[in-house]
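> Just dropping this structure here.
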Amino acid sequence: MIDYFYRGDYDETPDKKHPANNPEYETPTTKAHVSIAMYNVADKYAVEPLMALAKEKLERRLTLAWSNKEFLRIIEKVYGPDSPPNSKLRDTVASSAVEHIATLKEIPAFRETRMEYPQFSYDFATFLIEKWSRVERKIRYVIRSYQLTESKRSALWLTLWRQDHDNLGY
């Protein structure tokens, strides 16, 4: 955090040379974990600009370097007991899960993680509902715009439902 006050930025590289003296503190092992830890410290001391920077860096990391295994650890860190309950990182994590639902649904540990962190499950479901409602509005717009007949509308809905159904693994 001191680095941020001097430079307006911080190094995301995990410090593996200097392990923490506190046995209860887990040293960050990835760039995403560093950003989460930085956000938590900034939240504790109410340093809003640093919180925004840490959130931005985590968002960028989730966009550029996706890893299913790392993502499950990110959920644990953002929704775990060491993270602030009103963390803005939660929206970032839940929306990223929705964007990567096709790969996450294949991982049994993702189901376990959802069960272990009910607030994540709630946030995830909320973002999923919001995304689906946007898709549904677009479909309704297309139907109205092209003045599809009733039978063509039914066929379109059935096709889209089957595609979604298949994508979700049902």
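> Give me the pairs, please: first residue somewhere in segment 156-170 and surrounded by 10 or more Cβ atoms within 10 Å (Cβ to Cβ) and assigned to a helix (DSSP H, G or I), second residue anywhere and among the β-branched types (V, I, T) and at pLDDT 70 or above, beta-carbon distance under 7 Å, and either six or more positions apart or on two chains.
Once the first residue is surrounded by 10 or more Cβ atoms within 10 Å (Cβ to Cβ) and assigned to a helix (DSSP H, G or I) and sits in segment 156-170, its partners that are among the β-branched types (V, I, T) and at pLDDT 70 or above give L156/I143; L160/I139.
> Which members of segment 72-99 meet the condition of being farther than 21 Å from D43 by Cβ and out of contact with any helix residue (DSSP H, G or I) (no Cβ under 7 Å at 6 or more places or on another chain)?
The one that is farther than 21 Å from D43 by Cβ and out of contact with any helix residue (DSSP H, G or I) (no Cβ under 7 Å at 6 or more places or on another chain): E99.
> Restricting attention to segment 108-164, which residues are touching a helix residue (DSSP H, G or I) at 6+ places or on another chain (Cβ under 8 Å) and among the basic types (K, R)?
R114, K131, R153
> Moving on. Among the residues of segment 1-21, write down those that are surrounded by 11 or more Cβ atoms within 10 Å (Cβ to Cβ), part of a loop (DSSP other than H, G, I, E, B) and modelled with pLDDT of 80 or more.
D9, Y10, D11, E12, P14
> Separate question: Would you check if S35 is assigned to a loop (DSSP other than H, G, I, E, B), closer than 22 Å to Y4 by Cβ and within 15 Å of the chain's Cα centre (by Cα)?
No, not satisfied.
> Residue by residue through segment 61-88, note down the ones that are closer than 10 Å to A32 by Cβ and not in a loop (DSSP other than H, G, I, E, B).
Correct list: R61, L62, E70, F71, R73, I74, K77, V78.
> Condition first: assigned to a helix (DSSP H, G or I), in contact (Cβ under 8 Å) with a residue 12 or more places away in the chain and surrounded by 12 or more Cβ atoms within 10 Å (Cβ to Cβ). Now tell me which residues in segment 90-102 satisfy that.
Answer for segment 90-102, where residues must be assigned to a helix (DSSP H, G or I), in contact (Cβ under 8 Å) with a residue 12 or more places away in the chain and surrounded by 12 or more Cβ atoms within 10 Å (Cβ to Cβ): R90, D91, T92, V93, A94, S95, S96, A97, V98, I101.
> Have a look at A65, A125 and point out the one that is surrounded by fewer than 17 Cβ atoms within 10 Å (Cβ to Cβ) and under 23 Å from D3 (Cβ atoms).
The unique qualifying residue is A65.
> I need the full set of residues from segment 136-148 which are assigned to a loop (DSSP other than H, G, I, E, B) and surrounded by 10 or more Cβ atoms within 10 Å (Cβ to Cβ), in order please.
Y146, L148
> Kindly indicate the residue of segment 40-58 that is within 15 Å of the chain's Cα centre (by Cα) and buried (at least 18 other Cβ atoms within 10 Å of the Cβ) and also farthest from P85 (Cα to Cα) among those meeting that condition.
This residue is K57.
> Further, regarding this structure: Restricting attention to segment 48-84, which residues are over 15 Å from K31 (Cα atoms), hydrophobic (A, V, I, L, M, F, W, C) and either touching a residue at least 40 places away in the same chain (Cβ under 8 Å) or touching a strand residue (DSSP E or B) at 6+ places or on another chain (Cβ under 7 Å) (or both)?
Matches in segment 48-84: L50 only.
The values are calculated or read from the model by the stated rules, or taken from the named source; none is laboratory data. Small disclaimer: the values here were computed from a predicted structure and weren't measured. Note: ideal-geometry Cβ built from the backbone for every residue, glycine included; neighbour counts use all protein chains shown.
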